Amino acid sequence: MADMTTVTRADGAELAKSIAAIRYEDLPADVVTITKLFTLDTLGVIAGAAKSPGMKEVVASLEAWETDGLATLLLGSGKANPASAALANGAAAHALDFDDQHDPARVHVFCVVLPAVLAAMEAETRSISGQDLILALAVGVEVFCRLGLACYNSLGKGWHPTTALGTISAAAAASKIFGLDEQKTLSALGLAFVQLSGTTQFIADGALAKRVGPGFAARSGVLAAHLARGGITGPHRFLEGNSGLFNLYERGEVKPEIVVDDFAIRWELRDLSMKPFPCCRCTHTAIQLALELRAQGVKATDVKSGVIELGEVNRKIVGAAFDRTHATPVVHAQFNAAYAFAAALADGEVTIRSFTPERITADDVAYAASIETRSTTDYDETAIAPARVSITTHDGRVVSAEKLTMKGAPDEPMTHDEVLAKFSACLEWGFGATGKPVEHLQEFVKTLDKQSDGRDVVALFMKTRSR
């Protein structure tokens, strides 16, 4: 661990300068394409969350306090304060745990940045084009990825980096929508840091707060940028100060140069992964191994016991014993490698339906309790992709398998057809939406860089809810 006094690179002012300076014309063509694709994916998972535990309650709680506002509650019936809309929509984007992840940085990015940008856009009085929207999203996501890479063991310390680092990233994105200059952008980032929070305790306790965390981050970022625009100043040494992010929260265990080196030249967002399964990314390789074993003829009813081996950080997140009587079974199952493996082997697929209370508590997946999850020193402590399973059958056979890559990552990407199929399935699951409204939203996002009014994406999304 670095000494606290040695962290001097990548000051907050340098980051703010880079954020304020970048223009749409600076975005490489593939960055624009990636941004549009993940925007589409995130709108899909927001829709898919309409029936998810906690979402109705979040929206109802906010609507009880607000009868009118500037920004749309995507799963609600009206509009709210932009900060509240960012909170509700951010929670929805993460509720299914079906949203993207930057695997090396271990952060979910669009679930925070997109709701923040949409809320800021609806609150803004000037015209916001599709290109403006893409720029704000790309900048916020890039800051997010870089912070996650710089704070490389944030999760291992007990922070939930999506919530914690998302506040600063959402502020960066909202600052672009608001057109803030360098100094006000710096204040926005600092004010976001002042609100920083996030803990993995909600994972350990299986609490619905887990899905609200990204909403808190989106809310804080939008609010920070709004306050900065109004003249409120934030701490300018929010990264490098003695009580800044690197020293206070990360205890000096950082790679600070990653935050600003080659900003807008080297794009870390190119390493984003899209999720093929609606659960914690740490379980995904185990799911793939289960599907491979099933294809080889192994049946769920064959399993007497089993062991799943993961890196230590993954094991801490998803290694609890499966308990189908858990008080919050959906969150418990989303973060349980044994259940994810068992469901995949039993059903031959893992979908949104796999994480409904009825499926989790069914008798035919109860055998997940006989599967133990362990850490192994064969894998790097923070490695997210590799996993190994060993299954002992009732007739005494031992079947083992290992996988070192993960579906949806840049080295094993989802196909274009798989991405569109996921989007359509989410809209149908959440809203019962099919046909032209879904196609119109999809086409708009695919051509977002050609659209004159970015606000239309919200209107088209809401039309998919109409029956």
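The values are calculated or read from the model by the stated rules, or taken from the named source; none is laboratory data. Please read these numbers as outputs of a predicted model, since none were measured by experiment. When we count neighbours, we look across all protein chains shown, and the Cβ atoms used for this are built from the backbone with ideal geometry, even at glycine. When the accessible area is computed, the model is the full protein with side chains, heavy atoms only, and any ligands, DNA or RNA have been set aside. Shrake-Rupley method; radii C 1.70, N 1.55, O 1.52, S 1.80 Å.
Here the peptides 128-139, 104-115, 248-259, 398-409 are ranked by packing, the mean other Cβ count within 10 Å, and the order with the highest first is 104-115, 128-139, 248-259, 398-409. Look at where the Cα atoms of the range 127-188 and of the range 359-383 average out, and the two centres are 34 Å apart. Between Glu182 and Lys304, the FRET efficiency estimated from the beta carbon spacing at R0 = 51 angstrom works out to 0.20. Checking (i) 22.1; (ii) 31.3; (iii) 23.1 against the coordinates, the calculated Kirkwood radius over Cα pairs in Å falls under label (i). Per-residue SASA remark: Arg219, around 80 Å² accessible (1.4 Å probe; ligands, DNA and RNA not included). Treating each Cα of the range 225-278 as an identical point scatterer and summing with the Debye formula, the log10 of I(q)/I(0) at q = 0.16, 0.19, 0.24 Å⁻¹ comes to -0.79, -0.91, -0.94.
The Ala369 and Val398 beta-carbon pair, evaluated with R₀ = 22 Å, returns a calculated FRET efficiency of approximately 0.70.
Dipole of the range 263-378 computed with +1 at Lys/Arg Cβ and -1 at Asp/Glu Cβ about the Cα centre; of Asn336, His284, Ser273, farthest Cα towards the positive end is Ser273. Helix screen, the chain: DSSP H segments with Cα axial length of 27 Å or more and mean Kyte-Doolittle hydropathy at least 1.0 are 29-48, 130-150.
Under 1.5 on a/c is rounded, so check that first for the range 55-182, then, if it is not, pick prolate when a/b is larger than b/c and oblate when it is not; a ≥ b ≥ c are the square roots of the alpha carbon gyration tensor eigenvalues. Oblate, since a/c reaches 1.5 and b/c is not below a/b.
Put the Cα centre of the range 210-229 next to the Cα centre of the range 419-452 and the gap is 26 Å.
Net charge of the neighbourhood of Cys282, taken over other residues with C-beta under 12 Å away and scored Lys/Arg +1, Asp/Glu -1, is +2. Dividing the summed -39500 (n - 2.57) terms of all DSSP H runs of n ≥ 4 by the residue count of the chain sets its mean residue ellipticity at 222 nm at -15000 deg cm²/dmol.
Across all directions, the average projected area of the convex hull around the alpha carbons of the range 153-258 is 6.5 nm². Rolling a 1.4 Å probe over the protein heavy atoms of the range 387-467, with every protein chain left in place, gives an accessible area that is 53 percent carbon and sulfur. Pulled fully out, how much extra length does the chain show between Glu381 and Arg270, if you take 0.36 nm times their separation in residues and subtract their Cα-Cα distance? Going from the current span to full extension adds 37.6 nm.
Pairs over the 25 Å Cα-Cα cut-off, from the set Lys210/Lys275; Lys255/Lys316; Lys56/Lys184: Lys56/Lys184. The Cβ shell under 10 Å around Asn81 holds other residues with a net charge of 0, Lys and Arg each +1, Asp and Glu each -1. Here the chain is treated with +1 on each Lys and Arg Cβ and -1 on each Asp and Glu Cβ, and its dipole about the Cα centre works out to around 800 debye.
When the alpha carbon gyration tensor of the range 211-302 is reduced to an equivalent ellipsoid, its three semi-axes come out at 41, 18, 15 angstrom, largest first.
The dipole here belongs to the range 270-324: it is taken about the Cα centre, uses +1 on the Cβ of Lys and Arg and -1 on the Cβ of Asp and Glu, and is about 140 debye.
Accessible surface area normalised per residue over the chain is 37 Å², counting heavy atoms of protein chains with a 1.4 Å rolling probe.
Going by a ≥ b ≥ c, the root eigenvalues of the Cα gyration tensor, does the range 1-116 fall in the rounded group (a/c under 1.5), the prolate group (a/b larger than b/c) or the oblate group? It comes out prolate by the Cα gyration axes. Say R0 is 45 Å: what FRET efficiency, to the nearest 0.05, do Lys436 and Ser61 get from their beta-carbon distance? The calculated FRET efficiency here is 0.85.
Most tightly packed first, judged by the mean number of other beta-carbon atoms within 10 Å of their residues, the peptides 210-218, 338-346, 387-395 read 210-218, 338-346, 387-395.
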